[in-house]
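Throughout, read-outs are computed from the coordinates displayed, never taken from laboratory work. Note that the coordinates shown come from a computational prediction; the quantities given were computed from them, not determined experimentally. Note that each Cβ is placed from the backbone with ideal geometry, even for glycine, and that neighbours are counted across all protein chains shown.
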Amino acid sequence: KISKKILVIGGDGIGPEVTRWGKRVLEAVAEKYGHEFVFDEGLMGHAAIEATGNPLPDDTLEKARKSDAILFGAIGHPKYDQDPSLKVRPEQGLLRIRKELGLYANLRPIKLFDELLSASSIKPEVLKGADILFFRELTGDVYFGEKKKADDGSWASDLMIYHAYEVERIARKAFEAARLRRKKLCSVDKANVLESSRLWRAVVQRVAADYPDVQCSHMFVDNAAMQLIRDPLQFDVILTANLFGDILTDEASQIAGSMGMLASASVGDGTGLYEPIHGSAPDIAGKGLANPLASILSAALMLQIGFQMQEEADAVLRAVEQVLKKGYRTVDIADKHTENSMIVGTDGMGQQIIQQLAYS
Ligand code: NAD
Ligand code: IPM
Ligand code: MN
């Protein structure tokens with residue numbers, strides 16, 4: 001019997017609403033395959049600030065270090081978004097846990113389920129067969145460079161900085177992954193302008209020499225933003241920096257139909273963290289409308305990458321596919337063109353997946 005300790009951090013807004021279903025799916029998998037998953041809970045973000053004053057309490061970090069994997073929802077609250085002067089902010093919790101756990105590689109798979117071909121605002125013929133794996137660097141860049149501002153409020157700055165070792169370690173991971181896929185890697189940067197991007201490109205070129213079987217190309221980020229929508233099928237693995245990856249993957253969510261479909265795995269030195277790419281979505285929080293599939297697919301990534309449980313991960317993917325095939329849709333992936341789709345809320349979708357898992 002395989003036993004794993006999983007820390008669940010729901011966070012804020014729709015975070016807890018969707019994470020509940022990611023957890024339920026893990027419970028269903030444990031039951032079906034005879035594993036033992038032991039769950040614990042931790043606070044982070046606005047919820048943690050309210051309870052302790054700290055967006056990442058020591059207790060959560062300690063539990064995180066002791067667990068085999070972390071299932072995370074989302075953090076963020078409009079209160080902070082409306083008031084830039086607040087010094088303690090929910091996002092600091094997420095950035096710090098990534099840094100503390102050394103989670104330098106954020107894998108964001110963009111895979112379009114055929115059933116959702118017409119849910120996207122992009123033409124189906126452009127999208128069909130799209131399958132991209134983003135490697136977004138997660139513990140460097142302008143996110144973690146020195147921050148400064150003038151006391152009188154006349155200027156502020158964030159330092160964009162990369163060290164060669166930071167680029168090299170994620171590049172190696174991305175090339176390894178490309179090797180197991182269609183053997184194409186596109187590194188996205190802004191090397192025509194930024195010094196840190198020129199370092200990035202030089203390091204990627206050096207690493208590429210160790211992977212002659214992988215076709216390596218480089219693209220400027222502005223062009224990449226356009227190419228993603230023009231012809232997503234040209235991409236296999238995309239390797240990019242923290243900020244560019246953040247922006248490009250939200251854009252790329254439209255290739256998969258919705259933000260509510262995109263899962264991610266943050267991995268590095270130790271315990272991995274599995275999370276949807278979306279945020280706390282205050283506009284729909286508390287309404288029972290959020291799509292839980294991003295959390296459920298994040299749970300599948302935990303099974304696959306964190307626990308090497310490929311069969312179990314495939315079972316979750318198949319369940320999602322079957323439920324979509326039956327026509328169940330949350331509003332964000334509702335298809336305006338087919339009459340036979342059934343609109344469900346967060347819990348309706350979650351229940352369908354659990355049932356499908358049990359019967360297949
Ligand atoms: P967001 O990702 O929360 O929402 C963007 C849009 O996508 C909204 O219209 C939302 O309703 C929709 N959406 C997101 N997830 C969905 C789902 N599962 N189902 C259906 N629709 C979904 O981004 P935002 O509005 O820019 O940010 C809101 C807050 O979340 C901010 O405070 C931000 O800092 C935070 N945030 C946190 C994370 C994270 O925790 N990883 C990521 C992004 C943003
Ligand atoms: C994400 C989010 C975070 C990021 C924020 C909330 C710090 O947008 O996980 O994509 O920018 O990395
Ligand atoms: Mn983001």
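Legend: calculated FRET efficiency, I229 to K1, from the Cβ-Cβ distance at R0 = 35 Å, rounded to 0.05, equals 0.15. Ignoring aspartates and glutamates fewer than eight residues from K287 along the same chain, the ones with Cα atoms less than 12 angstrom from its Cα are E17, D347.
With only the Cα atoms considered, the stretch 131-254 has a convex hull volume of 108 Å³ per residue. The aspartates and glutamates whose alpha-carbon is closer than 19 Å to the alpha-carbon of K79, local same-chain residues fewer than 8 away aside, are D12, E50, E91, D283. Magnitude of the charge dipole for the stretch 131-254, about its Cα centre and with charges confined to Cβ atoms of Lys, Arg (+1) and Asp, Glu (-1), is about 480 debye. Counted over the chain, the DSSP beta bridges are approximately 35% antiparallel. Shape annotation for the chain: C-alpha extents along the principal axes are 54, 49, 44 Å, from largest to smallest.
Go through K4/K183; K128/K184; K128/K326; K66/K184 and tell me which ones have a Cα-Cα distance over 28 Å in this structure.
On the way: K4/K183 33 Å; K128/K184 19 Å; K128/K326 19 Å; K66/K184 36 Å.
Beyond 28 Å: K4/K183; K66/K184.
The overall shape of the stretch 202-258, judged from the alpha-carbon gyration tensor, is prolate: a/c is not under 1.5, and a/b is greater than b/c. When you restrict to C-alpha pairs under 8 Å that are six or more residues apart and normalise by the size of the stretch 131-254, the relative contact order lands at 39 percent. Candidate cross-link partners of K190 among the lysines, defined by an alpha-carbon separation under 28 Å and a same-chain spacing of 8 or more, comprise K99, K111, K147, K148, K149, K173.
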